[in-house]
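Worksheet: the structure to be examined is printed underneath.
The values are calculated or read from the model by the stated rules, or taken from the named source; none is laboratory data. Predicted model, so just to flag it, every value in this text is computed and none were measured. Every residue, glycine as well, gets a Cβ built from its backbone with ideal geometry; the counts of neighbours run over all protein chains shown. To get the accessible areas, we keep the full protein, side chains included, count just its heavy atoms, and leave off ligands, DNA and RNA. Shrake-Rupley method; radii C 1.70, N 1.55, O 1.52, S 1.80 Å.
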Amino acid sequence: MDRSFLSQKDVIEASRDFVCIRLATYESAAEAKVLKSIWVSRDGDIKNTTFAILSPDGRRLLTDAGRGPDWALGRGSAAEHAQQMTRIAREHRTSQSPAALPTCADLRRALNIAACDMQPLVVAIGKPGEPWIAKSLAKLAWNDDFIGRFVWATASRDELDAIDGVGAKDKLIVVQPDDYGLTGTVIARSASRPTAIAKTLRAGLDAFRVGEKDSRRHIRRGQRTDKQWKPAIEVTDGPTARRRDR
Amino acid sequence: MRVTRVVVAALSLSALAITASAQPRPSVVTPPAGPQVAWFGTWAGGLAEAKRTKRPILLVSAAPHCRMVPGVW
């Protein structure tokens, strides 16, 4: 993923006029089908990365699609791409703002993504439709203090085995993922009162610690210590796919 | 002689182009400094919100592993 583009201030600002969806490639057959309908490489398969801008109903491409922003927005700087995004957004002016909690599909994926993003993970323990999750927590996720600062997930209590330090009364936890996103540790917690939620999110941001990550060293150490990720569906790009083809 | 020079120049340019395109992406990833893009992590969740708000969709997909090692895009 092109972090150098997506972490630019101009691009982040421009993204606020969109609904931003980031799928984990190779983790869902249904989502792979969606990706395939948007862009495939010459060999007819999806690749590790896809980038596209679509109409609000998801049916129409508003730019070309491809592996990264250059494919969709042409060669240019992040600032130029951000301007193009803003032009596209202007054509879809709306007074409605996102209000739903922007969760990952499940806790396993959320932990891994939080480690990739080097951000804390917020886990709401309960059902997604519970009012304190769907209303109070979701509202805070789009608040200026918290937008774009966390990875979000909901989970039931029996799905929390990978998280260390969960208390019996905890309803909301902020989790520090390990470097590989396979386990995590609770760094802030609360019951579900709205005032306590904001306080817990702030405490989580304060307690979260992360340093630089050297990708090559991370991968070598991961291979040596058997930190393995098993994608849900077949990988069709990179060394894994090439090994399969031989 | 001139043909040889042209061929050598062309080969050198090709080698340069290959070297440039083969530059690995930066190995060291720094933690985000402040708010980032706010991502929906599922197609269904994001699409429902895009339909409701009538906002266009910025869609990205990426594999959260490299050589099957998690924790890195």
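Overview of results
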| quantity | calculated |
| --- | --- |
| Residue, nearest to residue B:38 (Cα to Cα), within the range A:144-166, restricted to residues that are open to solvent by 30 Å² or more (accessible area, probe 1.4 Å) and within 14 Å of chain B (Cβ to nearest Cβ) | A:149 |
| Residue tally, condition assigned to a loop (DSSP other than H, G, I, E, B), out of contact with any Pro (no Cβ under 9 Å at 6 or more places or on another chain) and within 11 Å of chain B (Cβ to nearest Cβ), over the range A:22-42 | 2 |
| Candidate set from the range A:167-205 (those that are of a type in the set (Val, Ile, Thr), touching a strand residue (DSSP E or B) at 6+ places or on another chain (Cβ under 9 Å) and surrounded by fewer than 19 Cβ atoms within 10 Å (Cβ to Cβ)); member that is farthest from residue A:105 (Cα to Cα) | A:185 |
| Answer residue from the range A:206-227, given it is part of a loop (DSSP other than H, G, I, E, B) and not aromatic (Phe, Trp, Tyr) and is surrounded by the most Cβ atoms within 10 Å (Cβ to Cβ) among those | A:227 |
| Failed item, numbered, when residue A:136 is tested on (1) at pLDDT 95 or above; (2) open to solvent by 10 Å² or more (accessible area, probe 1.4 Å) | (1) |
| Residues satisfying the stated conditions in the range A:41-76, i.e. over 22 Å from the mean Cα position of the chain (by Cα), under 26 Å from residue A:238 (Cα atoms) and open to solvent by 50 Å² or more (accessible area, probe 1.4 Å) | A:42, A:43, A:64, A:75 |
| Any hit, the range A:62-69, residues being at the interface with chain B (Cβ under 7 Å from one of its Cβ atoms), among the charged types (D, E, K, R) and more than 27 Å from residue A:169 (Cβ to Cβ) | no |
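The rows are residues; the columns are (1) open to solvent by 50 Å² or more (accessible area, probe 1.4 Å); (2) in contact with a strand residue (DSSP E or B) (Cβ under 6 Å, 6 or more places away or on another chain); (3) on the phi > 0 side of the Ramachandran plot.
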| residue | (1), (2), (3) |
| --- | --- |
| A:78 | no, no, no |
| A:81 | no, no, no |
| A:91 | yes, no, no |
| A:122 | no, yes, no |
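Here is a yes/no grid of residues against (1) touching a Cys at 6+ places or on another chain (Cβ under 7 Å); (2) at pLDDT below 90; (3) more than 13 Å from every other protein chain (Cβ to nearest Cβ):
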{"position": "B:7", "(1), (2), (3)": "no, yes, yes"}
{"position": "B:11", "(1), (2), (3)": "no, yes, yes"}
{"position": "B:17", "(1), (2), (3)": "no, yes, yes"}
{"position": "B:20", "(1), (2), (3)": "no, yes, yes"}
{"position": "B:25", "(1), (2), (3)": "no, yes, no"}
{"position": "B:28", "(1), (2), (3)": "no, yes, no"}
{"position": "B:43", "(1), (2), (3)": "no, no, no"}
{"position": "B:49", "(1), (2), (3)": "no, no, no"}
{"position": "B:56", "(1), (2), (3)": "no, no, no"}
